Amino acid sequence: MVVHAVLLIAIPLLSAFLIPLIRKISKWFTISILTLNSIFSILVLFEVYNKGMIYEIIAFSPPVGIYLAIDNLSALLALIINVFGAINFVSTLKEKSFKFHMLYLLAIAGSTGIVITGDIFNMFVFFEITAVASYALVASKKSEKAVEGAIKYMILGSLGSTFILMGIALIYSQMKSLNIYDIANRISMMNENIKWISFAFLLTGIGVEAELFPLNGWVPDVYEGASSGIASLLSFGPSKAAIYAIARLLIVIFPSMHTYEIALWIGVATLLMGEIAAFMQTDAKRMLAYSSIGQMGLILIAFSLVSQGIRYSIPASFFLIVSHASAKSSLFLLSHKNKMGSALTKYGGITAVLSLIGMPPLAGFWGKWYLFLGAASEKLWLVIILIFFSGIIEAAYFARYLHRSIGEEKMEASYAYPMAVLSTFSLAFGLLPFIYKMANMHLLGGV
Amino acid sequence: MRKQASVVITVIFFLSLTFAFYQISSSYNYMENKYDYTNPINESSANESVPQHYIKDTKNETGAINVVTAIVVEYRGFDTLGEVTVLFTAATGVGFLLYNLYSRKKNKREANLILREGSKIVLPFALLTGAYIFIHGHLTPGGGFPGGSVIASGFLLMMLSYPKFFMNEKRLSVLESLAGITFVLIGLFGLIFATYFLQNYLNLGNVGYLISAGIIPLIYIAVGFKVGSELASVIQNLKEVQE
Amino acid sequence: MIEFTIIAWVMSFLAIASALYAIKTKDLLSAAISMGIASLVVSIMFLLLQAPDVAITEASIGAGLTMAVFIYAIGKTERWEE
Amino acid sequence: MLDIIIAELLLAILITFFVGKKLAAIIAFFISLLPLVALLDWASMYGFKFISFGIEKSMNIAISGITLHLAITPLSWFFGIMIFSLFPAIMLFSYSFYDKNDGFYPFMLLALFSSFGILLARDMLTLFLFWEMMSWSSFILIYRNKDKEATIIYLVFSTLSAFLIIFGILLLYSQNNSLLFSEINLTPNLETVVAIISMISGFAVKAALMPLHVWAPVVYSKSDEPFVAFLAGGLSKLGYYGMFLFMFSLPGAKIMEEYFSHISPNYILAVIGALSAFIATIIAFMQDDIRKLLAYSSIGQLGYIAVGLGIGSQLAITGALFQAFNHAFFKAVLFLAAGAVAYRTGKWKISELGGVAYKMPITFTIALLSIFTLAAIPITSGFAAKWLLYEAAIKAKYIFVAPIMLIAGVGAFLYSFRILYGVFLGGNNHPDIKEAPKSMLAAMFVLVLPMIIFVIFPGYALDMMSRALSDAGIASIPHTVFTIKTSLASYNAIAVLITLIAALIPAFLIYKSKPHRIVDFKDNYLAGEIPSKYENISMHAAHNFYKPVEDVMKPYFEPGTIEYYKGIYKGLAILSNTLRKVYTGFTQDYAIYVAIFLLTVMGWLIWL
């Protein structure tokens, strides 16, 4: 069976266009489409697992046309975005408006597009779809805080988009090509200064979505304002896609000691800033938002270790992404009421927290373990100590959070079940043996 | 303090932008070095740069005279699908957020006579121009986006001159949906009848004639309808919002 | 060629001036209008640079529809910035 | 065979999640015997042969791309015997202790499983993996009790411990490019030394050594007794197992002595151990909560082991292992006894208890035996262990360490007395309680058995230890079954026992010859303390028993370690609150940040 990866994008788009015609059954239609897409993403993952990187041409072969380029990490992210999207949708079942369902599908399609496309301008287009859908979804709670968050997100997001576009324009002016691999092959011919300027623009633009410090001013407000289901969607969808886009930028297009170094220190700053700011936070959602920032920093550190620790960098980011996506989305669902009454929510909450802190055999442990091995092979002891420091702070506030969430009150089943299932992913990815082979395959076809 | 800081930073920002563009203009030359693809599907690619390919081979490959159209719809059709979706997302978002805030009962002031009568005359021409722009997208400058927005501005004119003018929203959104579905289906048919998504599977026809260039006109018509109805509905949504 | 250069300079000046005015002024309505003027000028620039497709789009969207959206929005809120 | 045991353990963990309380307890009891069976099977490498299933001595398991190397060594066998003897007893004890199955059994079995893994681990990753599993399973057991402070402090300190250990592992890995213990060559350079010190401090957290002990009193006093019996008896020993592994099995101690010419960290460890024993003892006898008292007593007793490891001579290590062995049993018994008393009376404050011995005589007898060992009264194995340690300190000319240890040893009498008198003897405050349930008594009795055996046969204990020591290339002390010979003297348990009995007979006769009365708690003086007018004083004898000593000592201990950690917390809080101000909430500011970021990245790349 031939797996057409383009269906991952085409099907949700088609159904988003279709929903206004079938308003009455939009909820069930959306669920079935999300399920279908999850199945596709699993097929794509297995395809990548068996054959290595997949390329799928659209309309014309590149560089004049566009293609999708799917490596192990993007297949994983496509899986996370689609499967988690389907599971998380259960928590938003109360939303009746068909427009909400359309926006949800579009956000999923956009995030998937970012990770599987092999064309830099196409990536920008999907960024736009994701961002615009996210603004609307954040504001969908219609409370004052939600609207405030959405507006901040929108202003910074459009600033970021402009910068991405500028970066792409600069690259195109020099390379006459938009295909990522085409650019990567000839990047050495580029004027040195323009290369760095365009890198700076792209990093800034994508960094806004990827919650890097100091571009992440919108993060706490948005996560605080958005409803739990949407906060969860944002934590595993757009932000993960954006950090992966940064990885492609860093590892494929602009591989150099300088960019790695800059990414490393931005990652460290993001990590420390997020964790320290979360430490004294009293609002659960804000705390989780700051903690997300910290985790994104950790993932960026993992990506920036590719110069020496390449053996460990990709598995580290692989496991960190899984761990953070599953654990944080689960915790955002928990933050709906912050009460762990039933056994299911207890299981979900504790597993998520343990995975984030990095306890074996959960995915978070393997992520941190490979990250440490990578950092040790580059002898970055200071970075390791800073990560330790942030880890201890993280343990402190998560323990506090866990204690606060003890209670007899139970959450609705529509929150409890997705939460438990989402947490299970960090357990499953830590234990399944074939995952390691998947994680250890090289990023982007042979870096 | 904040104000001064922002002024200083803005100045530095623009200075550095100037520096960047100076750098570009000083090193502006077409790079025509040969490709060195490691990745297998690119082996057949030509030994020429992408812009040159566009200029030279567009007519043979797509049957469109207007290179821009060929690029937008054919070579980078996927981007266009994305752009259309961005607009669609924005329109949906606006509609979603303003959903409960409508009021249609308010008395509104009439516009003056010249505007009312003038718009009656202009409207058919505006719609015709818009339709022309997107139907002739593969032959003359223009295409779905400008055509659609011209049509939308025609409706804007109507809204300005007749405050009670009201388009049926349901029909607009059905139109919008159908146009979007058409676009994606054309792409999916490419997957079925040809090899790739959005690949041309129709006869290219006589280059330069109205019915030529394969799927390009079809897509552009869809895009035109879509953009027109979306923009119109966005404006209507904003207009109808309660104060 | 010299005419082109002169027009280009004038147009750029106009575009920047109207954009600056849009930032500076307290009257949001005139800010929106001057943004429209800036887009119109830019669309003329596009035309001069032989990009008619972009010019049409910019003229209809930037100068027409965007301005309408702004004006509707201002109509629902305050006209004057404090 | 080994894989079947592991699979059965995992299966049992899963099953006990879902079954009812009684069935879970029964399953947990039988499953917790499995490691003991394996250990008895492996005893053949000691020359004993009890049973023989032919369980493999080593095994490699591949999981998630990592190979876990498992094998049994004499050292881990020794530690295993002492840790896994605790589990069946604890499961037995908790059969009547808990009314419902709310996560105790599965996580206790998980702790058992991970202890098994820790002891069998032959590479650093496996060790760390199981170490962390142990940490979080005990975290969940603590979290069950819903105490805020215990939850936070335990998770923070186990994370700290984990990071210290992993830091050491990374340093060693970056030098040797291997995680296997057998492939690690230590060379005396800075990185190795930092690695060893970092690991020792990591293990010291779990071993509750003095500056890192803060979590222990909180957690011990706020958790259920069966679990605390494991924490004090088992988990802390695992900490010392780790230290032993890296100091002697891999010769970390030798490397450190080679690297530091003057004062080596080994000496500092000994001093810390001695101070830990001393200070914790003094704090212990000021406590009114019996669990807190036992917690500080644990910290003190564990300090002795650190002294032994720090001195590092043949005598000292034997003493340390002996002390570890004793402590595992007597502290578990004491916590279980406290649990049994609390199960019947519902009280933990010494000043509210009293006279329990008359109603719970068997519990009392068992507790008495362990208190004897705790206080190192001659003839008990506790005495033998401490005697070896004193002698080692004196022989190694650790002038500072030996006297402190001696004073701390005397201090142990002071708090043991409080438990004995305040809880068990004196006037009866609880007329209508019953003896503890039979399962609890059986559990405590099983655990007290080794102490009775080793009173008479210290040689058997030394046999076990000498094998463990030979693993690290240390010769054993000459001994027979009844006597231990050292260069200073020879210790003959039988002789001491006979002397003691000879001395006790007249004492007993005198006691019996006269009628005596039981003194009520309230029938006493106020020890020179004038009660202030509004103080709601308790007239219980154990209340403020050491008030004068306390008044003298307290000023020195008041601003203790906890204050120091609180300072760190406050600093972090201030840092957090300051840094949070970066997020001003104004979008204009955020936009400025974006511009600054862009310029910084651009500038960095272009000009650097």
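Quick notes
- Picking from residues in the range A:127-146 that are within 17 Å of the chain's Cα centre (by Cα) and free of Cβ contacts under 8 Å to residues at least 60 places away in the same chain, the one that is surrounded by the most Cβ atoms within 10 Å (Cβ to Cβ) is A:ALA133.
- Set side by side, the residues A:SER38, A:SER15, A:SER61 differ, and just one is surrounded by 24 or more Cβ atoms within 10 Å (Cβ to Cβ) and of a type outside the set (A, V, I, L, M, F, W, C), which is A:SER15.
- Conditions (1) crowded, with 24+ Cβ neighbours inside 10 Å; (2) not in a helix (DSSP H, G or I); number of the one not met by A:ALA242: (2)
- Where helices (runs of 4 or more DSSP H) sit wholly within the range B:128-243, those with at least 2 residues that are farther than 21 Å from C:THR57 by Cβ and under 19 Å from the mean Cα position of the chain (by Cα) occupy B:169-193.
- Taking the range B:166-185 as the range and being more than 19 Å from B:ILE151 (Cα to Cα), surrounded by fewer than 22 Cβ atoms within 10 Å (Cβ to Cβ) and touching a residue at least 12 places away in the same chain (Cβ under 8 Å) as the test, only B:THR182 passes.
- Looking only at the range A:81-99, and only at residues there that are aromatic (Phe, Trp, Tyr) and more than 10 Å from A:ALA16 (Cα to Cα), the one that is farthest from the other protein chains (Cβ to nearest Cβ): A:PHE84
- Qualifying residue in the range D:557-566 (condition: modelled with pLDDT of 80 or more, within 14 Å of chain A (Cβ to nearest Cβ) and part of a helix (DSSP H, G or I)): yes
- The combined condition, being more than 8 Å from chain B (Cβ to nearest Cβ), surrounded by 21 or more Cβ atoms within 10 Å (Cβ to Cβ), small (Gly, Ala, Ser) and touching a helix residue (DSSP H, G or I) at 6+ places or on another chain (Cβ under 8 Å), is fulfilled by C:ALA38.
- So A:THR259, is it more than 25 Å from A:TYR135 (Cβ to Cβ), in contact with a helix residue (DSSP H, G or I) (Cβ under 9 Å, 6 or more places away or on another chain) and modelled with pLDDT under 90: yes
- Residue match in the range D:524-532 (condition: surrounded by 12 or more Cβ atoms within 10 Å (Cβ to Cβ), of a type outside the set (Ser, Thr, Tyr) and modelled with pLDDT of 65 or more): no
- Residue count, the range D:25-57 (criterion: farther than 18 Å from D:SER115 by Cβ and touching a Pro at 6+ places or on another chain (Cβ under 8 Å)): 2
- The residues of the range C:26-81 that are over 23 Å from B:ILE235 (Cβ atoms) and in contact (Cβ under 8 Å) with a residue 40 or more places away in the chain, listed by number, are C:LYS26, C:LEU48, C:TRP80, C:GLU81.
- Qualifying residue in the range C:6-19 (condition: under 24 Å from B:GLY228 (Cα atoms) and within 14 Å of another protein chain (Cβ to nearest Cβ)): no
- Among the candidates D:VAL549, D:VAL519, D:VAL582, the residue that is surrounded by 12 or more Cβ atoms within 10 Å (Cβ to Cβ), farther than 21 Å from D:LEU293 by Cβ and at pLDDT 75 or above is uniquely D:VAL582.
- Candidates A:ILE194, A:ILE183, A:ILE168, A:ILE164: the one that is out of contact with any Leu (no Cβ under 8 Å at 6 or more places or on another chain), of a type outside the set (Phe, Trp, Tyr) and either within 17 Å of A:ALA245 (Cα to Cα) or in a helix (DSSP H, G or I) (or both) is A:ILE183.
- Scanning the range A:18-35 finds no residues that are touching a Gly at 6+ places or on another chain (Cβ under 6 Å), buried (at least 20 other Cβ atoms within 10 Å of the Cβ) and within 11 Å of chain B (Cβ to nearest Cβ).
- The range D:416-435 residues that are more than 20 Å from D:GLY339 (Cβ to Cβ), paired with ones that are of a type in the set (D, E, K, R) (beta carbon under 6 Å, 6 or more apart): D:GLY427/D:ASP520
- Entry remark, the range A:151-160: residues being within 19 Å of the chain's Cα centre (by Cα) and at the interface with another protein chain (Cβ under 9 Å from one of its Cβ atoms) number 2 in total.
- Every test in (1) hydroxyl-bearing (Ser, Thr, Tyr); (2) crowded, with 19+ Cβ neighbours inside 10 Å; (3) facing chain A (nearest Cβ under 10 Å) is passed by D:THR192 save one, and that test is (3).
Quick grid of which residues meet (1) buried (at least 16 other Cβ atoms within 10 Å of the Cβ); (2) out of contact with any Lys or Arg (no Cβ under 7 Å at 6 or more places or on another chain); (3) of a type outside the set (A, V, I, L, M, F, W, C); (4) within 14 Å of another protein chain (Cβ to nearest Cβ):
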| residue | (1), (2), (3), (4) |
| --- | --- |
| C:LYS24 | no, yes, yes, yes |
| C:VAL54 | yes, yes, no, yes |
| C:THR57 | yes, yes, yes, yes |
| C:LEU65 | yes, yes, no, yes |
| C:GLU78 | no, yes, yes, yes |
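- Cβ-Cβ distances below 9 Å connect the following pairs, each with a first residue in the range B:82-98 that is within 7 Å of chain A (Cβ to nearest Cβ), a second residue that is surrounded by fewer than 20 Cβ atoms within 10 Å (Cβ to Cβ), and a separation of six or more residues or different chains: B:GLY95/B:GLU169; B:PHE96/A:SER97; B:LEU97/A:LYS142; B:LEU97/A:VAL147.
- Against the criterion of being at pLDDT below 85, over 30 Å from D:GLY473 (Cα atoms) and touching a Leu at 6+ places or on another chain (Cβ under 9 Å), D:PHE285 qualifies.
- Residue within the range A:324-342 that is within 14 Å of A:MET419 (Cβ to Cβ), at pLDDT 85 or above and either in the same structural domain as A:SER228 (by TED's automatic domain parsing) or not in a helix (DSSP H, G or I) (or both) present: yes
- In a residue-by-residue description of the range A:314-336, the property of being over 17 Å from A:GLU261 (Cα atoms), within 14 Å of chain D (Cβ to nearest Cβ) and more than 20 Å from the chain's Cα centre (by Cα) applies to no position.
- Set A:LEU212, A:LEU233: member being in a helix (DSSP H, G or I), within 15 Å of the chain's Cα centre (by Cα), under 25 Å from A:PHE429 (Cβ atoms) and assigned by TED's automatic domain parsing to the domain that holds A:TYR153: A:LEU233
- Selection within the range A:397-425 - in a loop (DSSP other than H, G, I, E, B) and either buried (at least 17 other Cβ atoms within 10 Å of the Cβ) or in contact with a Leu (Cβ under 7 Å, 6 or more places away or on another chain) (or both): A:MET411
- Entirely in the range D:400-476, the helices (runs of 4 or more DSSP H) that have 3 or more residues that are at pLDDT 80 or above, within 26 Å of D:LEU86 (Cβ to Cβ) and within 21 Å of the chain's Cα centre (by Cα): D:401-418, D:438-456
The values are calculated or read from the model by the stated rules, or taken from the named source; none is laboratory data. Bear in mind that the values here come from a model prediction, so they are computed numbers and not experimental data. Virtual Cβ from ideal backbone geometry, glycine too; neighbours counted across all protein chains shown.
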